[in-house]
Amino acid sequence: MEIVIGCDNAAVQLKNTIIDLLKAKGIPFEDMGCHSCGDPTYYPLVAKKVCDRIIASNYQKRGILICGTGLGMCMTANKFRGIRAAVCHDIFSTERSILSNDGNVLCLGERVIGPELAKRLVSEWLTLTFKDGPSTPKVDAIKRIEEETMK
Ligand code: RB5
């Protein structure tokens, strides 16, 4: 699995921590910025870059989006077709975002959690894959709503 990662200027430090983790695990990634705390790029523009890459990969890639809270990145990412983004700051939500919701973007808030918990969550998230089962028709229902609303 390849990862596309991005952050705004509130989360450069946590993004670098997660990039170090990906490198240590040998997981290929693309870094869509931003690269400095002085970069004024608004978080929705970074979320768009990341989601565009995931869509261009035909959803083979997964995303990690980090801002101050994770919320703005998540709200933006969920505007894109086929993206199911979730803010996860605990291990149970992280697990369920994949196993129940077939999520493909993990959103984190640097101002909410510390680096050690973030690394744990990302490590767990990377090991998980959605499997066909009782959650499938529910995710299919999300997809049908998306078809209706994203014309
Ligand atoms: C800072 O711009 C802050 O609003 C942003 O990083 C994020 O938390 C938004 O949801």
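To check my understanding: the extent here is largest minus smallest coordinate of the Cα atoms along each principal axis. What are those three numbers for the chain, in Å, largest first?
Per principal axis, max minus min of the Cα coordinates gives 42, 31, 26 Å.
Run the reach check for Lys143 against aspartates and glutamates, Cα to Cα strictly under 13 Å, same-chain hits fewer than 8 apart removed. What comes back?
Asp102
Using a Gaussian network model on the chain with a 10 Å cutoff between Cα atoms, which of Cys37, Cys51, Cys67 fluctuates the most?
Ranking Cys37, Cys51, Cys67 by mean-square fluctuation puts Cys37 first.
What trypsin sites (Lys or Arg not before Pro) does the range 79-112 have in DSSP loop regions with at most 16 other beta carbons within 10 Å?
Passing both the DSSP loop test and the Cβ count: Lys79, Arg81, Arg111.
Quick one: of Lys25/Lys138; Lys119/Lys151; Lys48/Lys119, which pairs are farther than 28 Å apart, Cα to Cα?
Working: Lys25/Lys138 32 Å; Lys119/Lys151 37 Å; Lys48/Lys119 24 Å.
Check vs 28 Å cut-off fails for Lys25/Lys138; Lys119/Lys151.
I want to make sure I understand the PRE zone here: with the label point 7 angstrom from the Cα of Thr127 toward its beta carbon, which residues in the range 15-56 have backbone N atoms less than 15 Å away?
Answer for this model: 25.
For the range 96-151 and the range 41-92, write down the distance between their C-alpha centroids in whole Å.
10 Å
Could you give the length gained by full extension between Thr136 and Asp52, i.e. 0.36 nm per residue of separation minus their alpha carbon distance, to one decimal place?
Between Thr136 and Asp52, full extension yields an extra 27.8 nm.
Using 1/(1 + (r/R0)^6) with R0 = 25 angstrom and r between the beta carbons of Ser100 and Tyr59, what's the FRET efficiency to the nearest 0.05?
So, using R0 = 25 Å, E works out to roughly 0.90.
Could you work out [θ]222 nm for the chain from helices alone, using -39500 (n - 2.57) per DSSP H run of at least four and dividing by all its residues? Round to the nearest 500 deg cm²/dmol.
Counting only the DSSP helices, I get -14500 deg cm²/dmol.
All of the numbers you see were taken from the coordinates with simple rules; none came from a lab. Predicted model only: the values in this text are computed from it and were never measured. In this analysis, Cβ positions are derived from the backbone assuming ideal geometry, glycine residues included, and neighbour counts consider all displayed protein chains.
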